[in-house]
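Okay, structure first, notes after.
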Amino acid sequence: MQAVEPAKKKERPLRRDARRNRDAIMTAAAEAFAKEGVNAPLESVAKAAGVAIGTLYGHFPTRQDLIEVIATEKIATWLDAAERAAGADDPWRGFTDYLEVICKLQADDQALSDIASTGTPLAECIESRLARIRELGRIIMVRAQEQGTLRSDVSPDDMAIVILAHRGIVAATRDVAPEAWRRHLALMLEGFRSERAHPLPSPPPITAHGDTGGTGQRAGDQTICKVFSSQ
């Protein structure tokens with residue numbers, strides 16, 4: 001009995017150290033991913049956390065493991081926003097508020113923008129939340145159209161293009177005008193209003209071209225899978 005007790009006492013500081021290291025890694029990763037995206041160098045994450053790269057891999061054997069842990073809370077915030085928008089008393093306000101939330105989340109966090117706009121594989125629990133977000137995105141859009149405020153010829157593909165354009169605007173203006181995306185979004189929303197709408201010149205790009213439209217369309221298709229659903 002006496003030989004076991006000291007061993008237990010020695011283990012406790014190690015467990016506290018491990019928790020502290022894990023927390024430091026997660027904090028550093030969240031900051032690095034938000035700034036640089038999901039491909040931020042893990043060596044830099046480990047350095048910022050004050051641990052060796054081997055310690056980082058001891059807690060998170062793959063980059064994907066670390067991305068999933070960091071993404072879970074962010075995706076939950078996104079899902080909450082979608083749930084609120086889908087149940088909004090004013091469908092148009094729900095639609096516009098939801099797009100603003102998406103754009104702000106992406107503007108503030110490059111990793112979330114990567115997850116929203118690419119085919120980044122994620123754990124089943126996160127993918128199920130994204131599937132629910134996708135379903136709600138469709139509901140949000142249709143409710144605004146049924147209200148008569150959102151033009152009837154807008155499709156989920158058009159929403160995907162908004163998100164793709166948003167990514168480019170944020171990347172181009174982040175260092176000189178970090179709020180410029182708000183102006184662009186406001187202009188886009190004015191174009192989505194049914195009031196005084198003019199006919200659009202062509203079908204939605206992804207619907208028109210499917211998977212044969214080149215890498216640009218394929219990227220958009222992946223965005224739809226994460227944000228809006230045309231099914």
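The values are calculated or read from the model by the stated rules, or taken from the named source; none is laboratory data. Here the structure is a predicted model, which means the values were calculated and not measured. Don't worry about glycine lacking a Cβ; one is built from the backbone with ideal geometry, like all the others, and counts go over all protein chains shown. Protein only, heavy atoms only, side chains kept; ligands, DNA and RNA dropped before computing areas. Shrake-Rupley method; radii C 1.70, N 1.55, O 1.52, S 1.80 Å.
At-a-glance table
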{"read-out": "Subset of the stretch 91-102 (residues that are in contact (Cβ under 8 Å) with a residue 12 or more places away in the chain and open to solvent by 30 Å² or more (accessible area, probe 1.4 Å))", "value": "Asp97, Glu100, Val101"}
{"read-out": "Gln145 open to solvent by 40 Å² or more (accessible area, probe 1.4 Å), modelled with pLDDT under 90 and under 23 Å from Leu79 (Cα atoms)", "value": "no"}
{"read-out": "Residue that is surrounded by the most Cβ atoms within 10 Å (Cβ to Cβ), among those in the stretch 120-142 that are among the β-branched types (Val, Ile, Thr) and at pLDDT 85 or above", "value": "Ile140"}
{"read-out": "Helices (runs of 4 or more DSSP H) wholly inside the stretch 164-231 that include at least 1 residues being open to solvent by less than 80 Å² (accessible area, probe 1.4 Å) and at pLDDT below 85", "value": "205-209, 215-226"}
{"read-out": "Condition met for Asp97 (over 18 Å from Pro156 (Cα atoms) and at pLDDT 90 or above)", "value": "no"}
{"read-out": "Every residue from the stretch 149-163 that is at pLDDT 85 or above, open to solvent by 40 Å² or more (accessible area, probe 1.4 Å) and not hydroxyl-bearing (Ser, Thr, Tyr)", "value": "Asp153"}
{"read-out": "Test result for Ala116, open to solvent by less than 10 Å² (accessible area, probe 1.4 Å), among the hydrophobic types (A, V, I, L, M, F, W, C) and in contact (Cβ under 8 Å) with a residue 40 or more places away in the chain", "value": "yes"}
